[in-house]
1. How far, in nm, would the chain grow between K22 and K66 when pulled straight, counting 0.36 nm per residue and subtracting the alpha carbon separation?
2. Assuming 0.36 nm per residue, please report the length gained on full extension of the stretch S48 to N33 beyond their Cα-Cα distance.
Amino acid sequence: MALCDPNPEEDLLDLVNAYRQKFNDLPELWALNVPPEKVKAALKRAISNGRPFTTEEWEKEMNIVKPPPGAFT
C-alpha cells in the first residue's frame, strides 16, 4: 500500500524528460494553461510514435492562440 497518492506533476516531469531525451528538444511547455492530462497524452503519443511535434503542431494540439502582433508592447 502506498503511503501517499502519486503526484501527477512527477508523471508529467518524467514524460517531459523522456521527450527531451528522445528528441533532444522540447515544446514550449511553460506557456501553457492546458490540463496536465492533455499534455501528458500528447507527449506519450509523440514518444511512442517516434515523431516530435513541430511548434505549429504543438500549438494546434494544445489549442494555443498567439496574441496579435503588438499585444504586449
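1. On the way: separation 44, 0.36 × 44 = 15.84 nm, distance 2.74 nm.
Value of the extension gain: 13.1 nm.
2. Values: separation 15, 0.36 × 15 = 5.40 nm, distance 2.40 nm.
Here the answer is 3.0 nm.
Rule-based calculations on the coordinates, nothing more; no lab input. Here the structure is a predicted model, which is why all the values come from computation and not from measurement.
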